[in-house]
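The values are calculated or read from the model by the stated rules, or taken from the named source; none is laboratory data. The model shown is predicted, which means the values in this text are computed figures rather than measured ones. Please note: Cβ atoms are built from the backbone with ideal geometry, for glycine as well, and neighbour counts cover all protein chains shown.
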Amino acid sequence: MKDTWVEPESGIWVVEGRSPRIEYSQKAIEEVCNLALSGLQKLSRGGIEVGGVLYGRHEDGVVHIRTWRQIACEHSRGPAFLLSPSDTSRLEALLRESGPTLEGLRPVGWFVSHTRSEINLRDEDQAIFDRYFPEPWQVTLVLRPARHRGTDAGFFFREPDGALQTESSYKPFSVAAFARFSSRHEARPDVRPRRLPLAVKRPFPLEQSMPESAAEAPQPVPARSSSRLALLLWAILAIGLIGTGAYYFLRAGQPADLVFRAADSDGQMRLEWDHSSPWLRNADYGELEINDGGDKTTHRLTPEFLRQGNFVYVRKSDDVDSRLTVYKNGRASTSGSARFLGEPDNRTFTTEINYLRSEQKRLEAANAAETARKIAVRKKYEEERSRNRRLQQQLRILEQQVRSLRSQPGSR
């Protein structure tokens, strides 16, 4: 089935023969996908999961999604989206929130990202859905972000009889990332080599009459002087042609500049480039180099990822220098660079620190258990060794007694 669009910034999700019909703001869905992708980037393996409340309206069997608010999760039990008692309190306060930006809107559902599982409803997700979004028309949006492609997503809803399909969504879909350039950031111009037309001047005619108003009559030019003048002009022309050719030959080996920008939002860097640039149409791959306060990383980007036009990165310092180089046939065809200077966002470390602390406690407990097991094994080994020594000592005593009895006269 093909979706129909209400307007350029809105979309429709509907399953034939089932309800409800969901109309969503394209901007809101894109922002939610960026949030899920930023969570994926916060840890080197798997990232962290995020969630939030979807706000909108419910009219005539249609769920309208217009905006969202993030559910703060301290991730006290690891990177999964599992709510602690303090997280639950914040969610309840969020459901009661009101203000000018939410005027006329109400919670119509919620969303959660899965970074280590597919698009489905886990038991913990279903518990949140049933407890805080019990209306029969409210929905759940599950996101599956990926580092180098679009985000996969799917809606979940209750059937008219209250049944809920949890293993998969009826109609999964992909949300491609959009490159939105901001006018607040300066852009480097897209410099491309152009072949300039050469204006070739012909030698001045050797025989030319002066204007009639001239005071003196024209003097004849000697033949030898005119040939020297012609040779001089042709030599100048040849030097110009050689210089121009050398310039374009050397310029052709240098990559042209690519429009490249860096935007920051609460410590999340969004690196953007002109995805419609002709240099990217037939590119083999790209290399994104990021220098974050001296910590250098390199990301290899596929042609499909280059044409998406953006990359989300969680910065760790106040000085981030990035450069994107596009390669074609083993040579750099174009490049662009951007630098961000600002205050570091220490909040980006909180989640990872909590996760590392929980991992440290888990490893310490595992090490303690392993140490206790080794001590018990060693103690048992020492007990067996001591028992063997006693048995050997008793055996030697018995052997001595036997030899003593045999040595007595008349003993046979």
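Checking Ala332 against (1) free of Cβ contacts under 8 Å to residues at least 12 places away in the same chain; (2) within 15 Å of Leu258 (Cα to Cα), which single condition isn't satisfied?
Result: Ala332 fails condition (1) only.
Could you list, in sequence order, the residues of the range 333-384 that are basic (Lys, Arg) and modelled with pLDDT of 85 or more?
Across the range 333-384, the qualifying residues are Lys361, Arg362, Arg373, Lys374, Arg378, Lys379, Lys380.
Is it fair to say Gly56 is of a type outside the set (Ser, Thr, Tyr), under 23 Å from the mean Cα position of the chain (by Cα) and surrounded by 18 or more Cβ atoms within 10 Å (Cβ to Cβ)?
no
Of the residues that sit in the range 283-319 and are in a strand (DSSP E or B) and among the hydrophobic types (A, V, I, L, M, F, W, C), which one is surrounded by the most Cβ atoms within 10 Å (Cβ to Cβ)?
Phe311
Which of the residues belonging to the range 223-250 are at pLDDT below 75 and under 60 Å from the mean Cα position of the chain (by Cα)?
Correct list: Thr244, Gly245, Ala246, Tyr247, Tyr248, Phe249, Leu250.
Would you check if there is a residue in the range 252-272 being closer than 21 Å to Ser38 by Cα, at pLDDT 80 or above and out of contact with any strand residue (DSSP E or B) (no Cβ under 7 Å at 6 or more places or on another chain)?
Within the range 252-272 (the criterion being closer than 21 Å to Ser38 by Cα, at pLDDT 80 or above and out of contact with any strand residue (DSSP E or B) (no Cβ under 7 Å at 6 or more places or on another chain)), the answer is no, since none of the residues qualifies.
Might you check whether a residue that is at pLDDT below 90 and in contact with a Phe, Trp or Tyr (Cβ under 8 Å, 6 or more places away or on another chain) occurs anywhere in the range 45-56?
no
With respect to Phe133, is the statement that it is within 14 Å of Pro20 (Cα to Cα) and in contact with a strand residue (DSSP E or B) (Cβ under 8 Å, 6 or more places away or on another chain) true?
Taking the combined requirement at face value, the residue does not satisfy it.
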